[in-house]
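What follows is a single structure, written as C-alpha cells, with notes after it.
The values are calculated or read from the model by the stated rules, or taken from the named source; none is laboratory data. Fair warning: this is a prediction, and the values are worked out from it, not measured in the lab. All Cβ positions, even for glycine, are placed from backbone atoms using ideal geometry, and neighbour counts span all protein chains on display. Heavy atoms of the whole protein, side chains included, go into the accessibility calculation; ligands, DNA and RNA do not. Shrake-Rupley method; radii C 1.70, N 1.55, O 1.52, S 1.80 Å.
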Amino acid sequence: MLICVPNVLSKSDVADFRRIMDECSWEDGRSTAGAQSALVKSNEQLPPDSEIARKLGNRVISALTANPRFISAAVPLHIFPPLFNRYNAADGHHFGIHIDNAVRGDRLTGLRIRTDLSVTLFLSEPDEYDGGELVAEDLYGSHEIKLPAGDLVVYPASSLHMVTPVTRGTRVASFFWVQSMVRDAHARSLIFDLDVAIQALVERLGRDDPETVKLTGIYHNLIRYWAEV
Ligand code: NI
C-alpha cells in the first residue's frame with residue numbers, strides 16, 4: 001500500500017532546506033547504490049556521511065516522529081539516516097527500475113536495518129520540473145507519484161520502482177528506509193486502516209465513547225500481537 005503524508009515539512013522549512021542544499025557540493029548518486037541499481041541510477045546526492053546531510057536528516061527525523069499519520073503508516077522501529085538527492089534535466093538524470101537493498105548499514109552510527117518501507121520526501125514543487133515521477137508497482141499495478149514540497153510517500157521497499165527522466169528543471173528530494181515494528185505488509189496495512197477508522201470515530205463520537213475505547217484497545221492489542229521490538 002502506498003500512503004501519502006502531507007505537510008511533513010512546512011513550506012518555510014522546505015525553503016530553508018533548499019537554501020542550505022544549494023550551497024553544498026553534490027556527488028554522484030551511485031555511491032550508495034547496490035550492484036544492479038548502480039547500472040540504472042543517474043542522479044546526484046549529498047555525501048551521506050557529511051555533517052550537513054546528517055543535520056538536515058535529523059530535522060527530517062524530528063518532523064517524522066511528530067507526525068501521527070507517518071507513525072501510523074510506518075509503525076517505525078528504526079529510521080535510516082535520510083539521504084538527499086537531485087535530478088537535473090540538463091544532465092538527463094533518472095533512476096531506472098530496481099528494488100532497494102534488503103538490508104542497509106550506516107557506517108557512522110553502526111545502525112543496520114531491514115528495509116521494510118521506502119520513503120520519498122519531496123523538496124521541489126511539482127511545477128518546478130517536468131518528468132521525475134516516482135513510479136512504484138504494487139499488486140494493483142503501477143502508480144505515478146509527484147507530491148507538493150514537504151509531503152512524503154511511504155511504500156513497501158519490496159516494490160519495483162523508478163524515477164522517470166527529469167526533462168525540465170530540478171527535482172530535489174530526501175529518501176530513506178524504515179524498519180517497521182510490524183514486518184508483514186498486510187498486517188501493517190490492516191493496522192493503518194483500523195487507525196484511520198478509529199480516528200474518524202473519535203472525531204464523531206469523542207474519545208470516551210465506549211465502542212471507540214474498545215476499538216482503540218483492539219488496535220493496541222493487534223500491535224502487541226504483531227510488533228517485534
Ligand atoms: Ni530505490
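So which residues in region 65-81 are open to solvent by 30 Å² or more (accessible area, probe 1.4 Å) and part of a helix (DSSP H, G or I), if there are any at all?
Residues satisfying the conditions are Thr65, Pro68, Arg69, Ile71.
Let's see how each residue does on (1) of a type in the set (A, V, I, L, M); (2) in a helix (DSSP H, G or I); (3) not assigned by TED's automatic domain parsing to the domain that holds Asp193:
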| site | (1), (2), (3) |
| --- | --- |
| Ala38 | yes, yes, yes |
| Pro48 | no, no, yes |
| Lys55 | no, yes, yes |
| Val60 | yes, yes, yes |
| Ala63 | yes, yes, yes |
| Tyr87 | no, no, yes |
| Phe95 | no, no, yes |
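For region 177-186, does any single residue satisfy the condition of being within 19 Å of Gly96 (Cα to Cα), surrounded by fewer than 22 Cβ atoms within 10 Å (Cβ to Cβ) and either more than 16 Å from the ligand (Cβ to nearest atom) or at pLDDT below 95 (or both)?
Of the residues in region 177-186, the ones within 19 Å of Gly96 (Cα to Cα) are 177.
In the following step, the residues that additionally are surrounded by fewer than 22 Cβ atoms within 10 Å (Cβ to Cβ) were identified as none.
Scanning region 177-186 turns up no residue that is within 19 Å of Gly96 (Cα to Cα), surrounded by fewer than 22 Cβ atoms within 10 Å (Cβ to Cβ) and either more than 16 Å from the ligand (Cβ to nearest atom) or at pLDDT below 95 (or both).
Could you tell me which residue of region 82-93 is nearest to the ligand (Cβ to nearest atom), considering only residues that are open to solvent by 20 Å² or more (accessible area, probe 1.4 Å) and in contact with a Phe, Trp or Tyr (Cβ under 8 Å, 6 or more places away or on another chain)?
The selected residue is Arg86.
Output the number of residues of region 104-143 satisfying the condition of being within 28 Å of Arg188 (Cα to Cα) and free of Cβ contacts under 8 Å to residues at least 24 places away in the same chain. Even if it seems obvious, please write down each step before you answer.
The first filter runs over region 104-143 and keeps only residues within 28 Å of Arg188 (Cα to Cα), leaving 104-106, 109-123, 133-143.
Next, from what is left, pick out any that are free of Cβ contacts under 8 Å to residues at least 24 places away in the same chain: 105, 110, 112, 139-142.
So the answer is 7.
Scan region 192-207 residue by residue and report those that are in a helix (DSSP H, G or I) and either open to solvent by 30 Å² or more (accessible area, probe 1.4 Å) or not β-branched (Val, Ile, Thr) (or both).
Within region 192-207, the subset in a helix (DSSP H, G or I) is 192-205.
Matches in region 192-207: Phe192, Asp193, Leu194, Asp195, Val196, Ala197, Gln199, Ala200, Leu201, Glu203, Arg204, Leu205.
For region 4-19, how many residues meet the condition of being on the phi < 0 side of the Ramachandran plot and open to solvent by 30 Å² or more (accessible area, probe 1.4 Å)? Show your work before the answer.
Just the residues of region 4-19 that are on the phi < 0 side of the Ramachandran plot, to begin with: 4-6, 8-19.
After this cut, where a residue has to be open to solvent by 30 Å² or more (accessible area, probe 1.4 Å) as well, the list is 4, 6, 10-13, 15-16, 18-19.
Adding up the residues that qualify gives 10.
Do we have Val213 as open to solvent by less than 30 Å² (accessible area, probe 1.4 Å), farther than 30 Å from Leu111 by Cβ and over 19 Å from the mean Cα position of the chain (by Cα) here? Working first, answer last.
Working: open to solvent by less than 30 Å² (accessible area, probe 1.4 Å): no; farther than 30 Å from Leu111 by Cβ: yes; over 19 Å from the mean Cα position of the chain (by Cα): yes.
Judged against the criteria, Val213 is not a match.
Every residue in region 94-140 that is open to solvent by less than 30 Å² (accessible area, probe 1.4 Å), over 17 Å from Gln45 (Cα atoms) and away from the ligand (no atom under 16 Å from the Cβ), please.
Tyr129, Gly131
Pull up region 21-54, narrow it to residues that are under 19 Å from Gly150 (Cβ atoms) and open to solvent by less than 30 Å² (accessible area, probe 1.4 Å), then point me to the one that is farthest from the ligand (Cβ to nearest atom). Don't jump to the end; show me each part of the working.
Here is the first cut: in region 21-54, the residues under 19 Å from Gly150 (Cβ atoms) are 21-22, 46, 53.
Restricting the remaining residues to those that are open to solvent by less than 30 Å² (accessible area, probe 1.4 Å) gives 21, 46, 53.
Details: Met21: 20, Leu46: 16, Ala53: 17 Å.
Per the stated criteria, the residue is Met21.
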